[in-house]
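Each remark here refers to the structure printed beneath this line.
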Amino acid sequence: MSTIRETHYPALDGLRGLAALMIVLHHSAFSYWMSSTFDKAWWRATSLLWTGVDLFFVLSGFLITNILLETKDSRTYFRSFYGRRFVRIFPLYYGFLAIVYIALPLFGSQLNESIRAVEPWQWTYTTNIYAALQGAMPDHNVSQSWTLAIEEQFYLCWPLLIFLIPKPRVGWTVAALFVSIPCIRALSLAAGATAFYVCTMTFCRVDGLLLGALLSVFVRGGLLERIRERPRVLRTFDWIFGGGSIAFLIVFAFLRNDQFQFDVLTWPRSGQVLGLSLVALPLGYLVFRCITPGGNRVQRFLMHRPLRELGKYSYALYVLHAPIVYWVGWHVPTPDFLLHLSPTWSFLHSVYIIAIEVVLSIAAAVFSWHLLEKHFLKLKKYFPYRKPAEPGPEFGIPSIAAERAA
């Protein structure tokens, strides 16, 4: 019995690297005392970069749904999916928790109360539920795990849903779920839920995952082939999403309110209901342009080797960066000459801190890859997707090979 052939979208590697870098830079603005004009500008500019989380969601929804739809008829559908997810996700994540909650106390480090309070939720991939119920994020050093919890809950439920839904109805089901999420947020807010609740509770925050899943359904239905025959349509959408995003950035950059942040928690209720879905749309189109045939500027940019290499380490970079960023921001030694700069050049002190945060975070991710991750990934060979002896019907949906790097 043969295994299902796998393909790969190279530009998505670079997109992963970009998303991870966005999150690291976003958190850098919260990691040290900000006082200069540069600091205020950096804080404001990086307030946009939390959207890297939603970019990861769209990517995961697309790649995972691709795999599930391709392997739905496999006799090892559940075993292979969960086995491959296990060796990809758990070793690093639980290794990180073991360092924080077991190794550090053994070596005399005292964990603060907020880190201890969230410990049971960390081990069970429910940190997002803790944040939703508490109305606040856990300690900065472990706060990144709330998004990992949402993805893990998605991985737990989504394979069963895809398995149960007949193939012709998958697209309509996913579309209906995507449209329902703003309604769920609206009902939650009307019932008295906080902004934290609608931003962190799983059933309120899966817009990106569902949009990525819908894109996967469209691609399997021949979208790439049809769009190749209509280049004008593609150029029109480039102007709508690309031009619209650039116009927003220009307006955002020149708003006169120095306290303004692109922060969903401060948006009016209508923004909290619709905003996360609207944010997902251009991110979904970005993923789509990474896989369209013929090449384009987006693909050429994301195919640069540094971004693709960063994409290989993106999971470790996301898991490990938070404690590194916050430790560097408050504890890294600063050369004397940086402490005595004139106000004109004081921004160099901030640049120094941010650069060390990024370099050490990437170094930790590379170390993790070579010490731990790549060895566990070799175990994927024990969880191949087996083609059935008599392949099930595709219901008119052209087959597309599963994505290798999900």
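Output yes when any residue across the range 140-150 is in contact with a Cys (Cβ under 9 Å, 6 or more places away or on another chain) and either modelled with pLDDT of 90 or more or of a type in the set (A, V, I, L, M) (or both), and no when none is.
Among the residues of the range 140-150, not one is in contact with a Cys (Cβ under 9 Å, 6 or more places away or on another chain) and either modelled with pLDDT of 90 or more or of a type in the set (A, V, I, L, M) (or both), which makes the answer no.
Report, by residue number, each residue of the range 189-209 that is within 21 Å of Pro138 (Cβ to Cβ) and either over 19 Å from the mean Cα position of the chain (by Cα) or among the aromatic types (Phe, Trp, Tyr) (or both). Can you show your working first?
To start, the set of residues in the range 189-209 that are within 21 Å of Pro138 (Cβ to Cβ) comprises 193-206.
Correct list: Ala193, Thr194, Ala195, Phe196, Tyr197, Phe203.
Only residues that are surrounded by 16 or more Cβ atoms within 10 Å (Cβ to Cβ) and farther than 22 Å from Leu12 by Cα: list them for the range 52-96, please.
Selection gives Lys72, Asp73, Ser74, Thr76, Tyr77, Ser80, Gly83, Pro91, Tyr93, Gly95, Phe96.
Could you count how many residues in the range 159-172 are surrounded by fewer than 18 Cβ atoms within 10 Å (Cβ to Cβ) and assigned to a helix (DSSP H, G or I)?
Final tally of qualifying residues: 7.
From the list Trp146, Trp172, Trp123, pick out the single residue that is of a type in the set (Phe, Trp, Tyr) and free of Cβ contacts under 8 Å to residues at least 12 places away in the same chain.
Values: Trp146 fails: free of Cβ contacts under 8 Å to residues at least 12 places away in the same chain; Trp123 fails: free of Cβ contacts under 8 Å to residues at least 12 places away in the same chain.
None of the others qualify; the one that does is Trp172.
Considering only residues that are of a type in the set (Val, Ile, Thr) and surrounded by fewer than 14 Cβ atoms within 10 Å (Cβ to Cβ), look in the range 337-380 and name the one that is farthest from Val325 (Cα to Cα).
Checked the range 337-380; the qualifying residue farthest from Val325 (Cα to Cα) is Thr344.
Looking only at the range 176-197, which residues are surrounded by 11 or more Cβ atoms within 10 Å (Cβ to Cβ) and either in contact with a Leu (Cβ under 6 Å, 6 or more places away or on another chain) or not in a helix (DSSP H, G or I) (or both)?
Leu177, Phe178, Pro182, Ala193, Thr194, Ala195
Could you check how many residues of the range 205-252 are acidic (Asp, Glu), touching a residue at least 24 places away in the same chain (Cβ under 8 Å) and not in a helix (DSSP H, G or I)?
Looking only at that region, the number is 0.
Being surrounded by fewer than 21 Cβ atoms within 10 Å (Cβ to Cβ), under 22 Å from the mean Cα position of the chain (by Cα) and under 24 Å from Ser28 (Cα atoms) is true for just one of Leu156, Leu111, Leu148. Which residue is that?
Going through Leu156, Leu111, Leu148 in turn, the sole match is Leu148.
Quick one: which residue in Phe218, Phe252 is under 24 Å from the mean Cα position of the chain (by Cα), modelled with pLDDT under 90 and of a type in the set (A, V, I, L, M, F, W, C)?
On the way: Phe218 fails: modelled with pLDDT under 90.
So the residue among Phe218, Phe252 that is under 24 Å from the mean Cα position of the chain (by Cα), modelled with pLDDT under 90 and of a type in the set (A, V, I, L, M, F, W, C) is Phe252.
Against the condition outside any helix (DSSP H, G or I) and over 18 Å from the mean Cα position of the chain (by Cα), how does Pro138 come out, does it pass?
Answer is yes for this residue.
Failed condition for Val287, given (1) modelled with pLDDT of 95 or more; (2) surrounded by fewer than 20 Cβ atoms within 10 Å (Cβ to Cβ); (3) not basic (Lys, Arg), with all others met?
Tallying (1) modelled with pLDDT of 95 or more; (2) surrounded by fewer than 20 Cβ atoms within 10 Å (Cβ to Cβ); (3) not basic (Lys, Arg), Val287 fails exactly one: (2).
The values are calculated or read from the model by the stated rules, or taken from the named source; none is laboratory data. Because the structure is a prediction, the values reported are computed rather than measured. Glycine also receives a Cβ, built like all others from the backbone with ideal geometry; neighbour counts cover every protein chain displayed.
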